[in-house]
Amino acid sequence: MQKEPITLTYDAIVIGGGIAGGEAALNLANNGYKVVLVESRLSVGGKMIMLSKVFPTLDCSACITTPKVSEISRHPNIKIFTESDITSIDKLGEQSFVVKMTQRPRYVVAEDCTACQLCEQACPVIVKDQFQYGLVGRKAVYIPFSIASPKVAAIDIDNCTLCGACEKVCPPGCIDFTMKPKEYIFNVKTAIVATGFRLYDPTNVPRYSYGTAKNVITSIQMERLLAPTRPFHTILRSSDGKVPDKIAYVLCAGSRDDSMGNPICSQICCMYSIKQAQLLLGALPMADITIYYIDIRAFGKGYDEFYEQAVSMGVRFVKGKIGKITEKENGNLTLRYEDVATGKLKEAEHDMVVLSVGVKPNKEAADLFKSHKLELDGLSFVKQSDPLLSPAKTSIDGVFVAGAATGPKDIPDSILSAGAASTEAISYLNQKSQ
Amino acid sequence: MSRINTKFGKELKRYGAVDFNKCYNCGTCTAVCSLSTGEDSFPRSMVRLSETGDKKGVESSLKPWLCYYCGDCSVNCPQTADPGELMMSLRRWLTAKYDWTGLSGLFHRSGLANIIAMILVAVGVIVYSFTQSFDQEGIMHFAHLFEMYAIATVFAVILLPNIIRMWYMTVVKPGYKVPFKAYYKSAGELFVHMFTQKRSLGCDDNQARWFAHFVLVIGYLTLLFTTVFLDWFSNESIFVNLLGYAVSAVVFIVTFVFVLGRIKQKHQVSKKSRPSDWFFVIWLFLMGVTAFFVKVFIDLEILENNFWLFLLHFTILVQWAVIIVPFGKWTHFLYRSFAMYFDKLRKSVPAESAKK
């Protein structure tokens, strides 16, 4: 470990490099402020960069995220740290914050890596690819995904056997197993929390058989199957590689459900399921798509029309929450539900089931703040001190919040809230120092 | 014409229903229920009737009796609306509805009414014993006669009319024209369910609960038979004596486990106990225990000096026979099996004639 932490000074720190954090950083940078953007994963872009298309416009998500990401990456006023964890944030006074951060080693010299992928080919270790949500494998040395930013290899040291094969083939010789974590201290004037959300883990609901029945997948896995940067070139089900032709969506899998530990509506599941259903009808024109729902919540601009479009395309909507999913010998799944319209208990067979998983908070954000308390709401999302009139303000003056850190949000709302947070931060920076 | 009746919900809450109006009609409860079927789907349909206050719908429904309360619906309810407990309180409400005297309703709603009735009966027994100057032989003889007369009277005056009322509400009034032949053709159903409770085996993971309950029912019925018809307390036969010991022990051991379950509240079914539930298991336990020790005292020939024990047993017996059997939870023994019988009758009629 280095002897002394590196101390740097910026106007603002943005915590989280998803679409909300990126947008907030960009707004600040375009206004002339120096921004440091801290991302805990290997690439910025958050969840949006992984998506297929976005509702209700059906724009290609990767195609609209990557220009934004590259703008952030190249901006002279923005410094990005990936693979980095903030350890503490202390507020010394107004417009004076001290942030401590550790950057984990990548074991690859980022500046020298050309993303040639020769190391990937040489590596003998295969593990599940977390960026493809376990659908395919990756090597222990790997480029996170094809449109990652920075597009630089990294070594997954927990799975690496230290065989040295990658080191031998790397043309610029940028693999360095001696890398150590780097400590940084930032002096900043304001902070924006954009820590986003995590997806509900459906293994909490054994009756949905996720993890035991191979052809039950989550909506983010389906998102990967549909994306332009997808692992296969069609939709395949996991058990036998068959192209499915009877796909079911289970809405509210981990939302609006006390018994599953998440009582609130996740706001995005109805719409992304409707979107995926439409994309599936494009990808598999002969497939039957059924969406099992409690209520369809299509509240945004153009959303209801988008739902109507799905109905007219032939997507079946059935009112009734799925109670049980059981796997059959051939890998097909039996779904047990009450058809609420008729009051009859029914069973339906599908060859693939998508759980439309809900949105849960990233509770860790609050632990970063040491001198002052960043308050959370009852569900552990970041609490907005004035949700109606200043939705970006938090319990700490000078700390603002953007995106899904305050609760479930779709992309347009996340971008809007990032705009609000950056504007509030600029106002704060322009206040006369007390 | 149907109208929403919000008062019904309040009425049900006096029978133990909680939070069922939180329901947002997702159907999870029905979908996870292992006894629910395509045509007989519950509990959501019953939650709906309760929410809208459709008393007639509830009254004519047999669904509450088709549920054996495994609690899966309540555990998995997204709204924690506790549909399982609603089904339980509907059974209590129906028990009250079937009873022409109205006392069942009183005892299912109010713990105080139970306590007062229990005290009155106890006082009655003590006063009677006092008038007999605590003459052991006379009282024991009377007690034995009382058992027989109580069974006959309670059955003829309370239980039989109530079952006829249940039949009227669930078969006649809704318009099922059941042919006479079906009544004796389906009679087997009645006895099979009365003595085996086999439907409850359909609940998920219910083998142990079913077995304990089955042993208790058989034990209880055998104890009844041994004491009343074989006169266990004065019988000399070794076989009858041992049988009596065995079954009274079965009754108090199993009920002890049940009481413990209600105290520990480990399973959904025993999480919310009403006074009528407590009185039922505790009195059954006390009956078994006191009968067992009365017989021990008789065999050791020390009952004469400990006559209080017999009086205690007799008091519990009278309380059981005049309060719990006719108006308490005991009646579920009949209503459950008759519900299966009536359900079979209703299904023997083609659907059109039922609709009218």
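The values are calculated or read from the model by the stated rules, or taken from the named source; none is laboratory data. None of these values were measured; they are calculated from a predicted model. Please note: Cβ atoms are built from the backbone with ideal geometry, for glycine as well, and neighbour counts cover all protein chains shown. The area values use the complete protein model at the heavy-atom level, side chains included, leaving out ligands, DNA and RNA. Shrake-Rupley method; radii C 1.70, N 1.55, O 1.52, S 1.80 Å.
Residue by residue, here is whether (1) more than 14 Å from every other protein chain (Cβ to nearest Cβ); (2) modelled with pLDDT under 95; (3) within 26 Å of residue A:207 (Cβ to Cβ); (4) under 17 Å from the mean Cα position of the chain (by Cα) holds:
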{"position": "B:54", "(1), (2), (3), (4)": "no, yes, no, no"}
{"position": "B:60", "(1), (2), (3), (4)": "yes, yes, no, no"}
{"position": "B:70", "(1), (2), (3), (4)": "no, yes, yes, yes"}
{"position": "B:78", "(1), (2), (3), (4)": "no, no, yes, no"}
{"position": "B:103", "(1), (2), (3), (4)": "yes, yes, no, yes"}
{"position": "B:113", "(1), (2), (3), (4)": "yes, yes, no, no"}
{"position": "B:126", "(1), (2), (3), (4)": "yes, yes, no, no"}
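For region A:63-76, state whether one or more residues are free of Cβ contacts under 8 Å to residues at least 40 places away in the same chain, touching a helix residue (DSSP H, G or I) at 6+ places or on another chain (Cβ under 9 Å) and within 30 Å of residue A:274 (Cα to Cα). Within region A:63-76, one or more residues are free of Cβ contacts under 8 Å to residues at least 40 places away in the same chain, touching a helix residue (DSSP H, G or I) at 6+ places or on another chain (Cβ under 9 Å) and within 30 Å of residue A:274 (Cα to Cα). Residue pairs whose Cβ atoms lie under 8 Å apart, separated by 6 or more positions or on different chains, with the first residue in region A:159-170 and among the polar types (S, T, N, Q) and the second in a loop (DSSP other than H, G, I, E, B), are A:159/A:125; A:159/A:140; A:161/A:124; A:161/A:125; A:161/A:140. Taking the criterion of being facing chain A (nearest Cβ under 7 Å) and open to solvent by 20 Å² or more (accessible area, probe 1.4 Å), the residues of region B:27-38 that qualify are B:37, B:38. When we screen B:255, B:290, B:222, B:226 for residues that are buried (at least 22 other Cβ atoms within 10 Å of the Cβ) and more than 29 Å from residue B:72 (Cβ to Cβ), the only hit is B:226. Selection of region A:228-283 for residues being away from chain B (no Cβ under 13 Å) and of a type in the set (D, E, K, R) yields A:230, A:237, A:240, A:242, A:245, A:246, A:275. Consider region B:39-49 and keep the residues that are in contact (Cβ under 8 Å) with a residue 12 or more places away in the chain and open to solvent by 10 Å² or more (accessible area, probe 1.4 Å). The one that is farthest from the other protein chains (Cβ to nearest Cβ) is B:49.
Scanning region B:268-284 for residues that are open to solvent by 50 Å² or more (accessible area, probe 1.4 Å) and in a helix (DSSP H, G or I), we see that the one that is farthest from residue B:13 (Cα to Cα) is B:282.
With respect to the conditions (1) modelled with pLDDT under 95; (2) surrounded by 24 or more Cβ atoms within 10 Å (Cβ to Cβ); (3) of a type outside the set (D, E, K, R), residue A:404 lacks only one, and its number is (1).
Kindly establish whether residue A:185 is of a type outside the set (D, E, K, R) and not in a loop (DSSP other than H, G, I, E, B). Judged against the criteria, residue A:185 is a match. Within region B:46-58, being assigned to a helix (DSSP H, G or I) and more than 15 Å from residue B:343 (Cβ to Cβ) holds for B:47, B:48, B:49, B:50, B:51, B:52, B:55, B:56, B:57, B:58.
Being of a type outside the set (A, V, I, L, M, F, W, C) and open to solvent by less than 10 Å² (accessible area, probe 1.4 Å) is not true of residue B:60. Filtering region B:320-353 to residues that are within 22 Å of residue B:200 (Cα to Cα) and free of Cβ contacts under 8 Å to residues at least 12 places away in the same chain leaves only B:347.
Looking across region A:84-95, the residues that are of a type outside the set (D, E, K, R) and open to solvent by 40 Å² or more (accessible area, probe 1.4 Å) come down to A:87, A:92. Cβ-Cβ distance below 8 Å, separation of 6 or more or different chains: which pairs start in region A:303-320 with a residue that is without any contact (Cβ under 8 Å) to a residue 12 or more places away in the chain and end on one that is of a type outside the set (Phe, Trp, Tyr)? Close Cβ pairs (under 8 Å, with a partner that is of a type outside the set (Phe, Trp, Tyr)) amount to A:304/A:298. Against the condition buried (at least 20 other Cβ atoms within 10 Å of the Cβ), away from every other protein chain (no Cβ under 14 Å) and aromatic (Phe, Trp, Tyr), how does residue A:293 come out, does it pass? Considered against the rule, which asks whether it is buried (at least 20 other Cβ atoms within 10 Å of the Cβ), away from every other protein chain (no Cβ under 14 Å) and aromatic (Phe, Trp, Tyr), residue A:293 comes out as no.
Taken as a whole, the structure places residue A:377 among residues that are away from chain B (no Cβ under 14 Å) and under 21 Å from residue A:257 (Cβ atoms). Considering A:425, A:365, the condition of being closer than 14 Å to residue A:21 by Cα, crowded, with 19+ Cβ neighbours inside 10 Å and at pLDDT 95 or above is satisfied by A:425 alone. Mind checking which residues of region B:116-131 are under 13 Å from residue B:323 (Cβ atoms) and either touching a strand residue (DSSP E or B) at 6+ places or on another chain (Cβ under 8 Å) or open to solvent by less than 80 Å² (accessible area, probe 1.4 Å) (or both)? Across region B:116-131, the qualifying residues are B:117, B:118, B:121, B:122, B:124, B:125.
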